[in-house]
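The structure appears below as structure tokens.
The values are calculated or read from the model by the stated rules, or taken from the named source; none is laboratory data. Small disclaimer: the values here were computed from a predicted structure and weren't measured. In this analysis, Cβ positions are derived from the backbone assuming ideal geometry, glycine residues included, and neighbour counts consider all displayed protein chains. These accessible areas exclude ligands, DNA and RNA; they are computed on the full protein's heavy atoms, side chains included. Shrake-Rupley method; radii C 1.70, N 1.55, O 1.52, S 1.80 Å.
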Amino acid sequence: MEGLGSARLRDLPSVDAVLNTAAATKLLERFGRAASTSAIRAALGDARTALRSGASSVLSADELALEARDRLEAEDRSGLRPLFNLTGTVLHTNLGRAVLAEVAIEAATAAMREPVALEFDLSAGGRGERDDHVRSLLCALSGAEDATLVNNNAAAVLLCLNTLSDGREAIVSRGELIEIGGAFRMPDIMARAGAKLVEVGTTNRTHAKDYRSALNAQTGVILKVHTSNYQIKGFTAEVGARELAVIAGEANVPLMNDLGSGTLVDLSHYGLQKEPTVREAVAEGAGLVTFSGDKLLGGPQAGFIVGKRELIAAVNRNPMKRALRVDKIRLAAIEATLKLYRDPDRLAERLPTLRLLARPLPEIAALAQHLLPAVTQAVGANFMVALCECRSQIGSGALPLDTIASAGLVIRSRAGGGALERLAAALRGLDRPVIGRIEDGGLVLDLRCLTDEAAFLSTLSRLNTHALA
Ligand SMILES: *Cc1c(COP(=O)(O)O)cnc(C)c1O
């Protein structure tokens, strides 16, 4: 055996022989000499290992070139390639949250391609400020005196707390010491901001007198956190932002309100559950209000800070701000996204997040009906596909208890034995991965976020069902 294998090793073509094939010429054009040569070497290495362990056939130069091509194509596929989010969670943090409006994509692309006046005042011809591109928009949309922005809302919270309470006390209700996904825990952020956490009240009830008795000369800020990702029900009491603003004002201490998702419009106009708006939070008297760019707002990742002029000025003087700033690409996309809010009547058409959240159920159900035959055929005879009613979620911690009626397809395996998991994996392995969710023994494809039906069908036609049995 061993002798035979080594005899055959000599029959393997050389790297040069493989490079001289027609298939390799195409590889060189697509991937360049260095990458192609190393892929051919790797393919040859595998062929040698196979022969040593008893493989009987020696691969030809052409076959090796094709092996190398498969390798290079696999390496070339980006982990960030577009996918179909059929999870039913519209703002899926693991899938990149909000998809952007066309105008935002165009603005970002233009800013990538050419120089822009990022920190340059075109009228005066001198240095300008990065924030100027969105400051007046943010003020107009929120009613705040001034505004700034940073990398994400976690950064906004860190920066504001550090500005207001580094080395001082920050008062927060025990009912609002939240953890959101991705290791963002309010007590940890406060510690990193240099603030000494002063917890008041209890998990379910906090009263005005709890805040009042915690105030002292060391207090830097009263923090209110919108508990966006959970609800406390039953025997509860919290002090609203309006009342907290009065308490803070009497003590001459700023109130900071972290809205988390926050929205610039009243979602109930679009048939969704109401979430506090930024304008309301500002009107309630908070000194600083923080919220995310890529949650309900539907823009790129960003953290917005709006509020009183002197507090925003203090935030801007904090050297930490420089480390948390946003780049020109996102700033261009943010500006274009915010501008859409000046025309609320057409917002649901133009802003994908809102369009998807407000998508009419009959439209989704009709899509499911329409796709049923094609999906049934694509997954093959080992699976059953049926229409299903399901519930979509907003995601990113916003309104977690408020699901939205949706429709889709549920795929079940006739055989069991892990076939459904293999199907889910095969769908994830497609050129444009299809991500559903496994629920009660079925793979549910919630079609709320499926907008490109043709692309979905053509992707699905490449599903190899033989590998699934
Ligand atoms: C989501 C959230 C954050 C963090 O926002 P990111 O934009 O994800 O950094 C902070 N606070 C609250 C209440 C949140 O819901």
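Any idea which of (1) assigned to a strand (DSSP E or B); (2) under 20 Å from residue 269 (Cβ atoms); (3) modelled with pLDDT of 95 or more is the one residue 339 doesn't satisfy?
The failed condition is (1).
Would you mind finding the one in 312, 334 that is within 16 Å of the ligand (Cβ to nearest atom), modelled with pLDDT of 95 or more and open to solvent by less than 20 Å² (accessible area, probe 1.4 Å)? Steps first, answer last, please.
Working: 312 fails: within 16 Å of the ligand (Cβ to nearest atom).
Unique residue meeting the criteria: 334.
State which residue pairs qualify: first residue closer than 17 Å to residue 28 by Cβ and inside the range 38-55, second residue charged (D, E, K, R) and assigned to a helix (DSSP H, G or I) in any location, beta carbons under 6 Å apart, and separation of 6 or more residues or different chains.
Pairs found: 39/71; 43/67.
In the range 107-133, how many residues are of a type in the set (Gly, Ala, Ser) and open to solvent by 100 Å² or more (accessible area, probe 1.4 Å)? Steps first, answer last, please.
Residues of the range 107-133 that are of a type in the set (Gly, Ala, Ser), as a first pass: 107-108, 110-111, 117, 123-126, 128.
Now drop any that are not open to solvent by 100 Å² or more (accessible area, probe 1.4 Å), which leaves 123.
Residues that pass the stated criteria total 1.
Of the residues 289, 225, 221, 265, only one is under 32 Å from the mean Cα position of the chain (by Cα) and open to solvent by 10 Å² or more (accessible area, probe 1.4 Å); which? Outline the logic, then answer.
Details: 289 fails: open to solvent by 10 Å² or more (accessible area, probe 1.4 Å); 225 fails: open to solvent by 10 Å² or more (accessible area, probe 1.4 Å); 221 fails: open to solvent by 10 Å² or more (accessible area, probe 1.4 Å).
On inspection, the qualifying residue turns out to be 265.
List, please: which pairs have Cβ atoms under 6 Å, are six or more places apart or on different chains, and start with a residue in the range 276-303 that is more than 17 Å from residue 248 (Cβ to Cβ) and end with one that is within 13 Å of the ligand (Cβ to nearest atom) and open to solvent by 30 Å² or more (accessible area, probe 1.4 Å)?
293/301; 294/97; 294/301; 300/330; 301/152; 303/152
I want to confirm something. Restricting to the range 230-262 and keeping residues that are surrounded by fewer than 18 Cβ atoms within 10 Å (Cβ to Cβ) and under 24 Å from residue 138 (Cβ atoms), which single residue is farthest from the ligand (Cβ to nearest atom)?
249
Quickly run through the range 263-309 and pick out the residues that are assigned to a helix (DSSP H, G or I) and at pLDDT 95 or above. If you could, list the steps in order and put the result at the bottom.
Filtering the range 263-309 down to residues assigned to a helix (DSSP H, G or I) leaves 267-270, 278-283, 309.
Of everything in the range 263-309, those that are assigned to a helix (DSSP H, G or I) and at pLDDT 95 or above turn out to be 278, 279, 280, 281, 282, 283, 309.
Hey, residue 176 hits all of (1) touching a strand residue (DSSP E or B) at 6+ places or on another chain (Cβ under 9 Å); (2) more than 16 Å from the ligand (Cβ to nearest atom) but one; which does it fall short on?
(2)
Does any residue of the range 61-69 turn out to be in a helix (DSSP H, G or I), outside the structural domain of residue 10 (by TED's automatic domain parsing) and open to solvent by 30 Å² or more (accessible area, probe 1.4 Å)? Spell out how you get there, then give the answer.
At the first step, the residues of the range 61-69 found to be in a helix (DSSP H, G or I) are 61-69.
Next, only the ones that are outside the structural domain of residue 10 (by TED's automatic domain parsing) stay: none.
No, there is no match, as no residue in the range 61-69 is in a helix (DSSP H, G or I), outside the structural domain of residue 10 (by TED's automatic domain parsing) and open to solvent by 30 Å² or more (accessible area, probe 1.4 Å).
Has the range 298-305 got any residue that is within 16 Å of the ligand (Cβ to nearest atom), open to solvent by 30 Å² or more (accessible area, probe 1.4 Å) and within 30 Å of residue 391 (Cβ to Cβ)?
Residues of the range 298-305 within 16 Å of the ligand (Cβ to nearest atom): 298-305.
Cutting the leftovers down to open to solvent by 30 Å² or more (accessible area, probe 1.4 Å) gives us 301.
After this cut, where a residue has to be within 30 Å of residue 391 (Cβ to Cβ) as well, the list is 301.
Yes; the residues of the range 298-305 include at least one that is within 16 Å of the ligand (Cβ to nearest atom), open to solvent by 30 Å² or more (accessible area, probe 1.4 Å) and within 30 Å of residue 391 (Cβ to Cβ).
Consider residue 392 against the criteria (1) touching a residue at least 24 places away in the same chain (Cβ under 8 Å); (2) away from the ligand (no atom under 16 Å from the Cβ); (3) open to solvent by 30 Å² or more (accessible area, probe 1.4 Å): it satisfies all of them except one. Which criterion is unmet?
(3) is the only condition that residue 392 fails.
Find the helices (runs of 4 or more DSSP H) located wholly in the range 342-389 whose residues include 2 or more that are open to solvent by less than 30 Å² (accessible area, probe 1.4 Å) and over 30 Å from residue 142 (Cβ atoms), and list them.
On the way: elements: 347-350, 352-357, 361-379.
Where helices (runs of 4 or more DSSP H) fall fully within the range 342-389 and carry at least 2 residues being open to solvent by less than 30 Å² (accessible area, probe 1.4 Å) and over 30 Å from residue 142 (Cβ atoms), they are 361-379.
Failed condition for residue 95, given (1) at pLDDT below 95; (2) under 22 Å from the mean Cα position of the chain (by Cα), with all others met?
(1)
Any residue at all in the range 271-287 that's within 16 Å of the ligand (Cβ to nearest atom) and closer than 19 Å to residue 99 by Cβ?
No, every residue in the range 271-287 fails to be within 16 Å of the ligand (Cβ to nearest atom) and closer than 19 Å to residue 99 by Cβ.
Counting only residues that are touching a helix residue (DSSP H, G or I) at 6+ places or on another chain (Cβ under 7 Å) and in a helix (DSSP H, G or I), which one in the range 201-225 is farthest from the ligand (Cβ to nearest atom)?
Selected residue: 212.
Return the residues of the range 425-469 that are open to solvent by 20 Å² or more (accessible area, probe 1.4 Å), in contact (Cβ under 8 Å) with a residue 12 or more places away in the chain, part of a helix (DSSP H, G or I) and of a type in the set (A, V, I, L, M); say none if nothing qualifies.
Matches in the range 425-469: 426, 455, 457, 467.
Among the listed residues 148, 87, 163, which satisfies the condition of being closer than 30 Å to residue 191 by Cβ, more than 16 Å from the ligand (Cβ to nearest atom) and buried (at least 17 other Cβ atoms within 10 Å of the Cβ)? Even if it seems obvious, please write down each step before you answer.
Working: 148 fails: more than 16 Å from the ligand (Cβ to nearest atom); 87 fails: closer than 30 Å to residue 191 by Cβ.
Going through 148, 87, 163 in turn, just one is closer than 30 Å to residue 191 by Cβ, more than 16 Å from the ligand (Cβ to nearest atom) and buried (at least 17 other Cβ atoms within 10 Å of the Cβ): 163.
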